[in-house]
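Worksheet: the structure to be examined is printed underneath.
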Amino acid sequence: MLAVLDSPSVRLAQEAERRRIARELHDSVVQSLTALVADLEYFQTHHLPTLDHTSQAVAEKVTTWQELARDSLTSMRQALGGLRQPGELVFGLEYAVQVLLCELREADYTVVFECDNWPEQLPPEYTSHIYYIVREALTNISKHAHATSITVYMFAFENHLHIGIHDDGVGMNMQPTSAHMYRDYQQGLIGIRERVTLLNGQLTIESLEGRGTHVDVTIPMVGLFRKQKTGKRQNCDGLTAREMELLVLIARGMLAKEIARTLSISEKTVRNHISTIYRKLNVYDRSQLVIYAIRKGLIEINDSLMGN
């Protein structure tokens, strides 16, 4: 009986079901939360500064809602990571991408895949982020591009990783016509941008009406295989020791009330510190703060709010 439950066909069925559930949750709950976070950030940036001092309660509520939405989004992404972590990545990124492209070939797309001089081994977070960049781009093509052919290339050259996903579809200007489809498409691009930024990379998107879309990603390899461990954290950009301590806790996803409890200070003091940190670092939201902390080596990518 145990042998049957552990048979390859059963494992394949279980993995397919996990991916189906993860895909449904991503297309519904995760994308709704992403839209909510984006809307709250826009409101906080563009409308809160115009409110008078009597509306302080509204501002605090918006900040709380934004933190709750981000935490919910993070928790959902972490849960989905466990559900949909592709078993194919065990065999390497090239194999995992080939599996994605096989599914597209079965859907009657003409697919060209080129992989040259690709590193045999990358840090796990790089492999995972690059896989999901490719996957998200291919998902956008299959949902919105009305393409017939897809080209994917991956290669390493002059200390950079290069990834390209091209299609011959209708082009970005012609893509989603409904508001729902447009939001769905843009959220896919937001996810790609977040992952590219976390890898200190550069994203280029070129699209012409009726002539398809080119998504190209360049990721630096300098220091990629060197663990950046330091005995003590450097004091960055004029932050005090207390502000550095708060920065790390915020970047790891803690709410203001949790930080207050951890550091035995008032929630108001925490919020004052957060405002000071944002001003000193010239950032405007938590996602920018996370990116800053990762680039400075204060936290690992896997500790951040931007995980899968």
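The values are calculated or read from the model by the stated rules, or taken from the named source; none is laboratory data. Only a predicted model underlies this, so the values are computations on that prediction, with no experimental measurement involved. Cβ placement follows ideal geometry from the backbone for every residue including glycine, while neighbour counts extend to all protein chains displayed. These area figures cover heavy atoms from the full protein model, side chains too; ligands, DNA and RNA do not enter into them. Shrake-Rupley method; radii C 1.70, N 1.55, O 1.52, S 1.80 Å.
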Please specify each residue of the range 136-152 satisfying the condition of being closer than 13 Å to GLY212 by Cα, among the polar types (S, T, N, Q) and either within 18 Å of the chain's Cα centre (by Cα) or surrounded by 23 or more Cβ atoms within 10 Å (Cβ to Cβ) (or both). ASN140
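Can you pull out the residues in the range 258-287 that are open to solvent by 30 Å² or more (accessible area, probe 1.4 Å) and in contact (Cβ under 8 Å) with a residue 60 or more places away in the chain? Reasoning before the result, please.
Taking the range 258-287 and keeping what is open to solvent by 30 Å² or more (accessible area, probe 1.4 Å), we get 258, 261-262, 264-269, 271-273, 275-276, 278-280, 282, 284.
Within the range 258-287, ARG271, TYR284 qualify.
Give me the residue from the range 167-195 that is open to solvent by less than 60 Å² (accessible area, probe 1.4 Å) and modelled with pLDDT of 90 or more and, out of that set, nearest to ILE133 (Cα to Cα).
Within the range 167-195, the first condition is being open to solvent by less than 60 Å² (accessible area, probe 1.4 Å), and the residues that meet it are 167, 169-172, 175-176, 178, 184-189, 191-192, 194-195.
Then keep just the ones that are modelled with pLDDT of 90 or more; that gives 167, 169.
On the way: ASP167: 15, GLY169: 19 Å.
The qualifying residue nearest to ILE133 (Cα to Cα) is ASP167.
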Between LEU255, LEU208, LEU247, which is modelled with pLDDT of 75 or more, open to solvent by 20 Å² or more (accessible area, probe 1.4 Å) and either small (Gly, Ala, Ser) or more than 18 Å from the chain's Cα centre (by Cα) (or both)? LEU208
Residue count for the range 271-291, restricted to those that are closer than 16 Å to ARG70 by Cβ and assigned to a helix (DSSP H, G or I): 9
Can you report the number of residues in the range 153-165 which are open to solvent by less than 50 Å² (accessible area, probe 1.4 Å) and closer than 21 Å to ARG211 by Cα? 3
Can GLU120 be described as at pLDDT 85 or above and surrounded by fewer than 13 Cβ atoms within 10 Å (Cβ to Cβ)? no
Find all pairs meeting these conditions: Cβ atoms under 6 angstrom apart; at least six residues apart or on different chains; first residue within the range 129-146 and in contact (Cβ under 8 Å) with a residue 40 or more places away in the chain; second residue crowded, with 20+ Cβ neighbours inside 10 Å and charged (D, E, K, R). HIS129/ARG195; ILE133/ARG195; ILE141/ASP167; ALA145/ASP167
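Across the range 243-268, what is the total count of residues that are among the charged types (D, E, K, R) and not in a helix (DSSP H, G or I)?
In the first step, residues of the range 243-268 are kept if they are among the charged types (D, E, K, R); the result is 243, 245, 252, 257-258, 261, 267-268.
Keeping just the survivors that are not in a helix (DSSP H, G or I) gives 252.
Result for the range 243-268: 1.
Look through the range 288-308, keep the residues that are at pLDDT below 65 and open to solvent by less than 40 Å² (accessible area, probe 1.4 Å), and return whichever of them is farthest from VAL30 (Cα to Cα).
So in the range 288-308, the residues at pLDDT below 65 come out as 300-308.
In the following step, the residues that additionally are open to solvent by less than 40 Å² (accessible area, probe 1.4 Å) were identified as 301, 304-308.
Numbers: ILE301: 20, SER304: 17, LEU305: 14, MET306: 13, GLY307: 13, ASN308: 11 Å.
Here the answer is ILE301.
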